[in-house]
1. Counting only DSSP beta bridges with both residues in the chain, what percent are antiparallel, rounded to the nearest 5?
2. Output ³J(HN,Hα) for the stretch 80-92: one whole-Hz value per residue in order, computed from phi by the Karplus curve 6.51 cos²θ - 1.76 cosθ + 1.60 with θ = phi - 60°, and x for Gly and Pro.
3. Scan around Y30 for amide H atoms under 5 Å from its own, H built in the peptide plane at 1.01 Å from N, and keep only partners 5 or more places away or cross-chain.
4. At what distance in angstrom do the alpha carbon centres of the stretch 77-115 and the stretch 162-220 lie from each other?
5. Would you report the distance distribution of C-alpha pairs in the chain as whole percents per 10 angstrom bin, up to the bin with the largest distance?
6. Leaving ligands, DNA and RNA out of it, report the carbon-plus-sulfur percent of the accessible area of the stretch 1-160 at a 1.4 Å probe.
7. Could you tell me which of V18, T95, V75 has its Cα farthest along the dipole of the stretch 1-133 towards the positive end, charges placed at Cβ (Lys, Arg +1; Asp, Glu -1), taken about the Cα centre?
8. Counting only Cα atoms, I'd like the Rg/Rh figure for the stretch 1-124, Kirkwood definition for Rh.
Amino acid sequence: MAPDRNKSGASNSLTLDVPLRVSEAEPGVYFVPGTPTDCVHLALSGLFDFEHDMVVSGVNDGPNLGDDVVYSGTVAAAVEGRFLGLPTIAVSLCTSGGAGGHFDTGAEVARQLVAHLLKQPLQPLILNVNVPDVPASQLRGFRASRLGFRHRSAPVMRAQDPRGRPVYWVGPAGAEQDAGPGTDFDTIALGYVSVTPLQVDLTRHAALPAVGTWLDALNG
């Protein structure tokens, strides 16, 4: 299942205001005019009449490192699979915007991880995988990494439409800020495949007592 066009930045959005029409590009390959999350939700929630083992999202054209994961449609598709009870893998190839890219390397990494997960299952979780854009023979191996952090993105870019009205392009992502040892940025720079386990619980548990005390003033 795939969106019918590039959906970078779609994050976890679902299409709720219009129905989705599913089309078949070739036997076993389907696409919809929706988001990556739509694709997984449809596939797991009734489009197909068989049980699924896991969700694999990607290979994405470009990295999903650090805080990229908040915006990523590729990661969001994996998150949706986890919401629906399956182990999931999001795979991104760290291309730099030029022509081409070693997508066969990304596909081989995905194949190896799927085979390993089937042989040695983990508890259901989300693996965010970033692959250096090099031939598979040049990969140095796999490393577990934490998410790094980028600087603030570049300012929006102002332009004009054909009628002279202002329009704005969102600026490119910022450079690495927290990219030290152990981060996914560093792992990729060293030539390894970065594998980061993600969770969907966004609660800041350590802050709950302080927030509770702060709210006591409102409760009298």
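The values are calculated or read from the model by the stated rules, or taken from the named source; none is laboratory data. All values reported here derive from a predicted model rather than from experimental measurement. So basically every Cβ, Gly included, is an ideal-geometry build from the backbone, and we count neighbours across all protein chains shown. Accessible surface areas use protein heavy atoms only, side chains included; no ligands, DNA or RNA. Shrake-Rupley method; radii C 1.70, N 1.55, O 1.52, S 1.80 Å.
1. The antiparallel fraction comes to roughly 45 percent.
2. 4, x, 5, 4, 8, x, 10, x, 9, 9, 10, 10, 10
3. The answer is A2, A25.
4. With the stretch 77-115 and the stretch 162-220 each reduced to a Cα centre, they are spaced 21 Å.
5. Calculated over all Cα pairs of the chain, the distribution is 7, 28, 32, 21, 9, 2, 0 percent.
6. 53
7. V75
8. 0.95
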